[in-house]
1. Please tell me if residue 31 is surrounded by 11 or more Cβ atoms within 10 Å (Cβ to Cβ), at pLDDT 90 or above and in contact with a helix residue (DSSP H, G or I) (Cβ under 9 Å, 6 or more places away or on another chain).
2. Tell me which residues, restricted to the stretch 58-77, are part of a helix (DSSP H, G or I) and surrounded by 11 or more Cβ atoms within 10 Å (Cβ to Cβ).
3. If the Cβ limit is 7 Å and pairs must be 6+ apart or interchain, which residue in the stretch 81-92 that is within 10 Å of residue 32 (Cβ to Cβ) pairs with which residue that is modelled with pLDDT under 70 and surrounded by 11 or more Cβ atoms within 10 Å (Cβ to Cβ)?
């Protein structure tokens, strides 16, 4: 079955497609695909764009700052290890 077949599968009406495919932010965090979930403002990011941009900026700064002390080789090694673990079902 193709991805489009899964997305439009009629037997998943009670739950959202993202949940059925394990693509929610929480699922991706548990799988180690994402490092951090940035909470949305009440009503969604589109309702409070300034606050959303601020939160994203702060999260990016917090995530990138520790990487500045790493050499290119060490950064590549850490990223490689992280992505190799994803395929093994290991949690990060």
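The values are calculated or read from the model by the stated rules, or taken from the named source; none is laboratory data. Just so you know, these numbers come straight off a predicted model, no measurement behind them. Here Cβ is always computed from backbone atoms with ideal geometry, including for glycine, and neighbour counts include all displayed protein chains.
1. Working: surrounded by 11 or more Cβ atoms within 10 Å (Cβ to Cβ): yes; at pLDDT 90 or above: no; in contact with a helix residue (DSSP H, G or I) (Cβ under 9 Å, 6 or more places away or on another chain): yes.
For residue 31, the condition - surrounded by 11 or more Cβ atoms within 10 Å (Cβ to Cβ), at pLDDT 90 or above and in contact with a helix residue (DSSP H, G or I) (Cβ under 9 Å, 6 or more places away or on another chain) - is not met.
2. Step one: list which residues in the stretch 58-77 are part of a helix (DSSP H, G or I), which gives 58-69, 72-77.
Result: 58, 59, 60, 62, 63, 67, 74, 75, 76, 77.
3. Sorted first by the residue in the stretch 81-92, then by its partner, the pairs are 82/92; 85/92.
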